[in-house]
1. For region 30-58, give me each residue that is out of contact with any helix residue (DSSP H, G or I) (no Cβ under 7 Å at 6 or more places or on another chain) and polar (S, T, N, Q).
2. Collect the residues in region 44-59 that are more than 18 Å from Gly70 (Cβ to Cβ) and surrounded by fewer than 16 Cβ atoms within 10 Å (Cβ to Cβ), keeping them in residue-number order.
Amino acid sequence: MEKSNLDLKSLKEKWGSAWIARNQVGTFTGGLVAPRTMANHDSFGTGPKRFKVKNKTGYQVDDFLEWLEGHIKMA
């Protein structure tokens, strides 16, 4: 898949944390990606690397952005 020319670094800079909880991906992406979508990707093994803390799932921002960049389709 061709890489997009979007600057995703601004998402990281605005977030202010090195991690994203799965239930916060909607906030992180401005509503473009839903937490349920990420849960589906995680169950199929197609999501970014993830970690768990008790019953919460999270992603490192850099891993999530790398995954997101690979899923952007420019129209």
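Derivation of every value follows stated rules applied to the coordinates shown; laboratory data play no part. Bear in mind the structure is a predicted one, so any value in this text is a computation, not a measurement. Reconstructed Cβ throughout: ideal geometry from the backbone, glycine too, with neighbour counts over all protein chains shown.
1. Once the filter is applied, which keeps residues that are out of contact with any helix residue (DSSP H, G or I) (no Cβ under 7 Å at 6 or more places or on another chain) and polar (S, T, N, Q), region 30-58 yields Thr37, Asn40, Ser43, Thr46, Asn55.
2. Initially, region 44-59 is screened for residues more than 18 Å from Gly70 (Cβ to Cβ), giving 51-58.
The answer is Phe51, Lys52, Val53, Lys54, Asn55, Lys56.
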